[in-house]
Amino acid sequence: METITYNNFEAKVHLALFTSVENGKEIRERIIKASTAEGAEGDAAREAVNFAFVDAKLIASPRHLLTATYQSLLAESQESLKTKTVHSEIIWSLNPTSNITEALRRFGVNDNSSTLLVVRVVKSSENLDVEKNMKEVVQGNLVPLSELENVTDWSLISKYYKLNSEVAVTGLKNPNDTKRHKIIEELVTSFVAMKSVSS
Amino acid sequence: MTPTVALLESSTLIRQGAEAKVYKSYLYDGQISGSDARGEPILLKYRFNKQYRHPTLNSTLTRQRIAQETRSLMKCLRSGVHVPGLRMVDAQEGVIGIEWIEGESVRVLLGAEDEETEGTGDTSDLPDLEQLEHDPLAKFNTTSSHVMRLIGTEIAKMHAADVIHGDLTTSNMMLRQRSDEGTEVLIDFGLSYVSALAEDKAVDLYVLERAFASTHPDSEPLFQTVLDAYSKINSKEWKAVGRKLDEVRLRGRKRSMVG
Amino acid sequence: MPGKTRRGLSSPLKQLDRDYLALGLEGSANKLGAGVIKHSPDGSVTVMSNIRHTYITPPGEGFQPRDTAQHHRDWIIKVIQDAMKQAGIEMSALDCICYTKGPGMGAPLQSVAFVARTLSLLYKKPLVGVNHCVGHIEMGREITGAQNPIVLYVSGGNTQVIAYSQQRYRIFGETLDIAVGNCLDRFARVINLSNDPSPGYNIEQEAKKGKRLLSLPYTTKGMDVSLSGILTSTEAYTFDKNYRPIDTGEEGTFTPADLCFSLQETVFAMLVEITERAMAHIGSKEVLIVGGVGCNERLQEMMGIMAKERGGQVFATDERFCIDNGIMIAQAGLLSYRMGFQTALSKSTCTQRFRTDEVAVTWRA
């Protein structure tokens, strides 16, 4: 797990990349169940899955994900969240449209997610063993974030962000061209940064 | 203190213009495996409130302009125009964060004095002798005519995407050299808008031509190189834009006036 | 006149060996003016007289060229006589007779130029044709002492941001459609405000009572502005279901005062913005407001706040010199006369179109 600090939000952000994830279906079901559970048990259930579970193959770089995280923290501080929590907002921020269901289906955890990027925003005052909590939920291998480059599915990103006909990439036909990947990474990062004013 | 104000306070002010303050900043502390500590530096552009303007007008305008600027940038990025990428946007507070460009302004590279905070107050600033002797372009291993071709190419791509810059000057262009990409010219934004009209594109070029004439004396042949490159890249529109440019040059300015 | 510019170059104007006197005649729009100015060997400038008579139309009506020219013909003898009497001099004492060559409305310009020519022949005095806008700028500089300001010229016919460079008043920004005074006057007519003393003055008074800021199009392009859209939108608000010609105090409604307030706040913000952009571009800290709209105290206030933020200051004049007058024509005319400029009788025409940047400003360094 890796951690950075956003001093201006007085928040830490913990990120972990899991490969060979086996329980995507279970995680998704736990999230749904927790959202409607009541009482102290409900709070505990929600706390246990209080993360953004992001399908890692749709993430072009740590910067791509962190841009979504930054914008979500900003929306939270301005009380303009489009979704319920800062974690679901991260997933919403990544999706090119404003459709929440579509965002969760595409960028969230689903039954056959094999790699997950797990994000947890912690306000400075909280004291938690985040890594332990992550490992309790996700059954998979925790690997360094630098492994992400072997996970990213560039053609799926291009498809979802509708980049295939953009002039910026049309000159680079080879889908494995690293130059093409760099341009796509820049486009999706920039898009996520400006999503709040995109329309 | 709002998070964005806190971010500005932790940043280094590098320039204050009439419209905005510009800072160098980092969004976070810490390190992610495979990237630099604190991530990459970014440039923050803060469109501060104008005290003379009604507060309601201030906030609507700021929001509108941030939206306009970021959309133009996004349109350029999608169209392969070399512009800085976007890193954060706070339309409410009037701040955008863009990619930090390590490079030199074309204005300086062509031998004019660096702009202080704003205009130098002199319409006829000449390159000083020392700069003439040590061609600043040598550092980039390039020539002025090559830079002109790069400029023409970028403007042509931008116009082909129907983005009008609104304030093209050599101070708004940066030259950057990267080992993998070679030398490129990047365009900085501010007053841009979207238009498909040849007239607007011609005025854009005319503004640059005037900026060349006032900042870089004897630059006429250089500007022609810009246009040559432009006409090659945006060949579809060049006929209409070029004709309009001649018109705009003739009337000097936009309209004759009635008292 | 200031003998030095900020660059330390000395003024091309030669020191005088005696007092010089000029009569200025202005009638390019609905104000008819005559004034006498004196330049002295010690460099001082004295306003000997400044007489004006305004053609005022009923509420809801603008001034037509033909009627305005008739007004000028009816009043010009009286206005000139008053100016000479107040100055306490005879025609024979004058060095030159200055008149507005343009820009402006054709018929009124011609009616005044005709009188100027006649006086020139009668008293054998040289004629000097003057650009109306340059007249405003020179009078503004003289009265305020601003050395090398960015000039915002705002009137019924003009909206320009001007800076001096190399013997020209160069236009850095301007309106792309209608002038700001025209925009305000036309709206005054829509809501039937009086034209006495001027529609703009009455808009300003009305705006002071306004509270609610209604959203209006705000269009600046670089150093230019566009004002026709905002006029249309403000007019459209008078057909809105929440518009109340007389304040009823109902929640959510708005009044003519609110519209005047919104119009002023928005239009003036645009003007201040382009002026600031020009100041930043040139690196100037002084701004001079001239032209009829320049009397507006809210505009002066907003400009003052901007200039102060930049560590500079704003210069403005009151209605005697802001609003079209004869003395400014005398001032600009005498300056060019001292540099050897005269307008031959055969060339003493008028022109409706006459750009500020066409004039060779020989009297400045």
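The values are calculated or read from the model by the stated rules, or taken from the named source; none is laboratory data. Please read these numbers as outputs of a predicted model, since none were measured by experiment. Note that each Cβ is placed from the backbone with ideal geometry, even for glycine, and that neighbours are counted across all protein chains shown. Protein only, heavy atoms only, side chains kept; ligands, DNA and RNA dropped before computing areas. Shrake-Rupley method; radii C 1.70, N 1.55, O 1.52, S 1.80 Å.
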Legend entry - Rounded to 10°, Cα long-axis angle of helix C:132-144 versus longest principal axis of chain C: 90
Legend entry - Relative contact order (%) - criterion: Cα under 8 Å, at least six apart; region: segment C:148-321: 26
Inset, instruction - Would you mind calculating the relative contact order of chain C from Cα pairs under 8 angstrom and at least 6 residues apart, reporting the percent as a whole number? - result: 25
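Where both residues lie in chain C, what percent of DSSP beta bridges are antiparallel, nearest 5? Don't skip to the answer; put the middle values down first.
On the way: 30 of 49 bridges.
That works out to approximately 60 percent antiparallel.
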Inset, instruction - Run the 1.4 Å probe and let me know the accessible area of C:Ser228, rounded to the nearest 10 Å². - result: 50
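Compute the signed sum of charges (Lys and Arg +1, Asp and Glu -1) over the other residues within less than 12 Å, Cβ to Cβ, of A:Ile27. Each step should come with its number before you reach the end.
On the way: positive: A:Lys25, A:Arg28, A:Arg30, A:Lys33; negative: A:Glu22, A:Glu26, A:Glu29, A:Asp55, A:Asp111, A:Glu136.
After counting each charged neighbour, the total is -2.
If you take every DSSP beta bridge whose two residues both sit in segment C:148-321, what share of them, in percent to the nearest 5, is antiparallel? Provide the component values of the computation, followed by the final result.
Working: 12 of 22 bridges.
Of those bridges, close to 55 percent are antiparallel.
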Inset, instruction - Give the accessible area for C:Cys133 in Å² (nearest 10); use a 1.4 Å probe, count only protein heavy atoms, and leave out ligands, DNA and RNA. - result: 0
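Could you pull out the GluC sites (Glu not before Pro) across segment C:13-102 that fall in loop regions by DSSP (anything but H, G, I, E, B) with no more than 10 other Cβ atoms inside 10 Å?
Details: sites: C:Glu26, C:Glu61, C:Glu90; in loops: C:Glu61, C:Glu90.
Passing sites in segment C:13-102 are C:Glu90.
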Inset, instruction - Would you calculate the separation in nanometres between label points at A:Leu142 and A:Asn176, each defined as 7 Å from the Cα along the Cα-to-beta-carbon direction? - result: 3.4
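On a 1.4 Å probe surface of the protein chains, which of B:Ser145, A:Ser61 comes out largest in accessible area, and what is the full order?
Values: B:Ser145 45, A:Ser61 15 Å².
Largest accessible area first, the list is B:Ser145, A:Ser61.
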Legend entry - Top of A:Glu131, A:Glu47, A:Glu185 by mean-square fluctuation, Gaussian network on chain A, Cα under 10 Å: A:Glu47
Inset, instruction - May I ask you to list the residues of segment A:100-119 whose amide nitrogen lies under 18 Å from a point 7 Å from Cα along the Cα→beta-carbon direction of A:Asn150? - result: A:114-118
Inset, instruction - Among B:Phe223, B:Ser179, B:Thr169, flag the residue with its Cα farthest along the positive direction of the charge dipole of segment B:147-237, charges on Cβ as +1 for Lys/Arg and -1 for Asp/Glu. - result: B:Ser179
Legend entry - Value of [θ]222 nm, deg cm²/dmol, for chain C, DSSP H segments ≥ 4, -39500 (n - 2.57) each, nearest 500: -12500 deg cm²/dmol
Inset, instruction - Determine the sum of side-chain charges near B:Ile96: Lys and Arg each +1, Asp and Glu each -1, restricted to other residues whose C-beta is under 9 angstrom from that of B:Ile96. - result: +1
Legend entry - Debye log10 I(q)/I(0) for the protein assembly as shown, one point scatterer per Cα, at q = 0.06, 0.11 Å⁻¹: -0.50, -1.23
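Quick one: if the Förster radius is 56 Å, what FRET efficiency do C:Ile77 and C:Lys285 give, using the C-beta to C-beta distance and rounding to 0.05? Display every interim value, and only then the final one.
Working: r = 45 Å, r/R0 = 0.81.
With R0 = 56 Å, the Cβ-Cβ based efficiency is 0.80.
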Inset, instruction - Let me know the Rg and Dmax you get for chain C when you use only its Cα atoms, in Å. - result: 20.7, 70
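Restricting to segment C:21-135, what percent of DSSP beta bridges are antiparallel, rounded to 5? Write down the numbers at each step before the final one.
Numbers: 15 of 24 bridges.
Antiparallel bridges: around 60 percent, rounded to the nearest 5.
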Legend entry - Inter-site label distance for B:Leu250 and B:Thr12 at 7 Å from Cα along Cβ, in nm: 5.2
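Assigning unit charges at the beta carbon (Lys, Arg +1; Asp, Glu -1) and nothing else, what dipole magnitude in debye, to the nearest 20, does chain A show about its Cα centre?
660
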Legend entry - Dipole magnitude of segment C:148-321, debye to nearest 20 (Cβ charges: Lys/Arg +1, Asp/Glu -1, about Cα centre): 380
Inset, instruction - Please give, to one decimal in nm, the separation of the simple spin-label points placed at A:Ser80 and C:Thr238, each 7 Å out from Cα toward the Cβ. - result: 3.6
Inset, instruction - Specify the angular offset, from 0 to 90 degrees and rounded to the nearest 10, of the alpha carbon long axis of helix C:106-123 from the longest principal axis of the alpha carbons in chain C. - result: 20
Legend entry - Shielding by other protein chains, B:17-27, mean Cβ within 10 Å: 3
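Under the definition of partner shielding as Cβ atoms of other protein chains within 10 Å of a residue Cβ, what is the mean value for peptide C:331-341?
0
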Legend entry - Dipole of chain A, positive end: most advanced residue of A:Leu58, A:Ile157, A:Asn23 [Cβ charges, Cα centre]: A:Ile157
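Hand me the chymotrypsin sites (Phe, Trp or Tyr not before Pro) from segment A:131-199 located in a DSSP loop with no more than 13 other Cβ atoms within 10 Å, in residue order please.
Numbers: sites: A:Trp154, A:Tyr160, A:Tyr161, A:Phe191; in loops: A:Tyr161.
In loop regions of segment A:131-199 (DSSP not H, G, I, E or B), there are no sparsely surrounded chymotrypsin sites (Phe, Trp or Tyr not before Pro).
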Legend entry - Backbone N under 13 Å from the C:Gln147 label point (7 Å along Cα→Cβ), restricted to segment C:268-304: C:284-286
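Let me spell out the model: positive unit charges on the Cβ of Lys and Arg, negative unit charges on the Cβ of Asp and Glu, origin at the Cα centre of the protein assembly as shown. What dipole size does that give, in debye rounded to 20?
Values: 94 positive and 102 negative charges, 497 e Å.
Roughly 2380 debye, rounded to the nearest 20.
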Inset, instruction - Would you work out which of B:Gln68, C:Gln167, C:Ser111 lies farthest towards the positive end of the dipole of the protein assembly as shown, given +1 charges on the beta-carbon of Lys and Arg and -1 on that of Asp and Glu, about the Cα centre? - result: C:Ser111
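Pairs of alpha-carbon atoms within less than 8 angstrom and 6+ residues apart define the contacts here; what relative contact order does chain A have, in percent?
34
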Inset, instruction - Mind telling me which of A:Ile90, A:Ile183, A:Ile27 comes out most flexible in a GNM of chain A, alpha-carbon contacts under 10 Å? - result: A:Ile183
Inset, instruction - Report B:Glu93's accessible area, 1.4 Å probe, all protein chains in place, as a number in Å² to the nearest 10. - result: 50
Inset, instruction - Quick one: among C:Val190, C:Val290, C:Val130, which has the greatest mean-square fluctuation in a GNM of chain C with alpha-carbon springs under 10 angstrom? - result: C:Val190
Inset, instruction - Keeping all protein chains in place, calculate the accessible area per residue for chain B (probe 1.4 angstrom), answer in Å². - result: 44
Inset, instruction - Please give the helix B:220-233 orientation as an angle from the longest Cα principal axis of chain B, in degrees from 0 to 90, rounded to the nearest 10. - result: 80
Inset, instruction - On a C-alpha basis, how far is the centre of segment A:3-57 from the centre of segment B:80-95 in Å? Whole number, if you could? - result: 29
